[in-house]
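The values are calculated or read from the model by the stated rules, or taken from the named source; none is laboratory data. Everything numeric here is computed off the predicted structure, so don't read it as measured data. Here the Cβ positions follow ideal geometry from the backbone for every residue, glycine too, while neighbour counts run over all protein chains shown.
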Amino acid sequence: MTGTMHLTEILERVDELIDVVFAHAEQAEREARLPRPVVDALIERGLLRLWVPRSLGGPELGLPESLAVFEAVSRLDGATGWTVMIGSGGGLFAPRMVEGTARTIYGPREGVIAGSGSPRGEAVEEGDGYRVTGQWPFASGAHHATWFTANCLVQRDGELVSDLAGQPTIRAMAFPAAEVTILETWTASGMRGTGSHDFAVDGVVVPRERSFSVFEPLPDGTGPLYRYPFMATSRLAFSAVALGVGQQALDRFAWFAAERRPGGGSAALSEYAQVRARYGEARATLRAGRSLLYETVASTWVLLEGGGALDAGDEAEVTLAAVQATRLAVRAVDLLYELAGSDPLYLESALGRSWRDVHAVAQHAALSPAAYEEAGGTLLDERTG
């Protein structure tokens, strides 16, 4: 996939995934990872490289278009959509890396990063590099990743190194998969197929050129995708997955309601007035979240494309849109779940999987309801300051 591809063509490639994703969905749930045929299908179609820069042979797909892709894949399967989103997200680090390191990591068509932003490692300065030890959580796609990145606290002579603001210095380290131990910790109830296991290293030496910082300024001329604030990008991407799972639940419920005949009667569940009303409410709820998300993205993306930057108020609006859209997706799925009786309680229930997956996305710290306070406070202070 190159930078010349359009969204329509990418979405056609998403449609090609239907058979392989559906055929391996239950296996992904059992094994807590995507089966290899699904991973190979994603790699073949370039769907794990959407945010690799054009300079490295990637499409550098714009943010609004990327969200549409994440949502479309998640409509097929939540775990696969999350995996596409996280795999693509690794491309955001490329402009921050030494060029040679970036080419080594992103050059191969199968190159995929898994990792963790939590600074749970220690990087002790040693010669022209670091000796790194640590264990990090939530490395989605761990079993098919070719490289891992992890944030570490930098140490020198037994002391933490401080930055210019007096805060501990955090640097990300890049490890080839062979240097990493995957720990089978992903026993979650939702998004099981993402394989978001812990990983660890013990005394691994990382050359300085394989380290980078997400807190340092980007090089001049970096495109808008990489200048969009990292946390804002993450929240939007997570929310797009939630919207996709929400639409998936609507699809699954429509089929379920047409087939289910409560109490052994002749009328299908879909014929009951209450069910029809609640289904309409769920559709409207999800659509409201989608509209809010994409309208907010469109307006802020224009600023970045024009060479500008988001201010604190803009970022607050993005936060509100992402969190609210996610909450509305959860609400839509909950409305359907409540109508389905005992069926979604079973692990093999498709609707039950949608419910578990959308709630798993909503539990991410970046989408916490506490973000309402953060964003609301910023916008209130703008009005009264």
So Gly308 passes all but one of these: (1) within 24 Å of Ala237 (Cβ to Cβ); (2) in a helix (DSSP H, G or I); (3) not aromatic (Phe, Trp, Tyr). Which condition number does it fail? (2)
Within region 198-209, can one find any residue that is among the small types (Gly, Ala, Ser), within 20 Å of Ala366 (Cβ to Cβ) and modelled with pLDDT of 95 or more? no
So which residues in region 342-374 are under 16 Å from Trp255 (Cα atoms), of a type outside the set (A, V, I, L, M, F, W, C) and not in a loop (DSSP other than H, G, I, E, B)? Asp343, Pro344, Gly352, Arg353, Ser354
Does region 273-286 hold any residues that are of a type outside the set (Val, Ile, Thr) and surrounded by 16 or more Cβ atoms within 10 Å (Cβ to Cβ), and which are they? Arg278, Tyr279, Ala282, Arg283, Leu286
What are the residues in region 52-85 that are closer than 16 Å to Ala145 by Cα and in a loop (DSSP other than H, G, I, E, B), if any? Val52
Is it the case that Glu295 is free of Cβ contacts under 8 Å to residues at least 60 places away in the same chain, in the same structural domain as Ala258 (by TED's automatic domain parsing) and in a helix (DSSP H, G or I)? yes
Residue list for region 112-143, filter: under 18 Å from the mean Cα position of the chain (by Cα) and either outside the structural domain of Pro207 (by TED's automatic domain parsing) or surrounded by 22 or more Cβ atoms within 10 Å (Cβ to Cβ) (or both): Val112, Ile113, Ala114, Gly115, Ser116, Trp136, Ala139, Ser140, Gly141, Ala142
If you go through Val73, Val38, the only one that is of a type in the set (A, V, I, L, M), surrounded by 21 or more Cβ atoms within 10 Å (Cβ to Cβ) and under 17 Å from the mean Cα position of the chain (by Cα) is Val73
Sole exception among (1) outside any helix (DSSP H, G or I); (2) hydrophobic (A, V, I, L, M, F, W, C); (3) surrounded by fewer than 20 Cβ atoms within 10 Å (Cβ to Cβ) for Phe22, by number: (1)
Of the conditions (1) polar (S, T, N, Q); (2) within 26 Å of Phe22 (Cβ to Cβ); (3) at pLDDT below 95, Ser354 clears all except one; give me its number. (3)
Before we move on, is Gly46 of a type in the set (Gly, Ala, Ser), under 26 Å from Tyr226 (Cβ atoms) and assigned to a helix (DSSP H, G or I)? no
Pairs, please: C-beta under 6 Å, at least 6 apart or cross-chain, first residue within 15 Å of Ala177 (Cβ to Cβ) and in region 104-129, second part of a loop (DSSP other than H, G, I, E, B)? Ile105/Gly111; Tyr106/Val52; Gly111/Thr146; Val112/Leu48; Val112/Ala145; Val112/Thr146; Ala114/Gly141; Ala114/Ala145
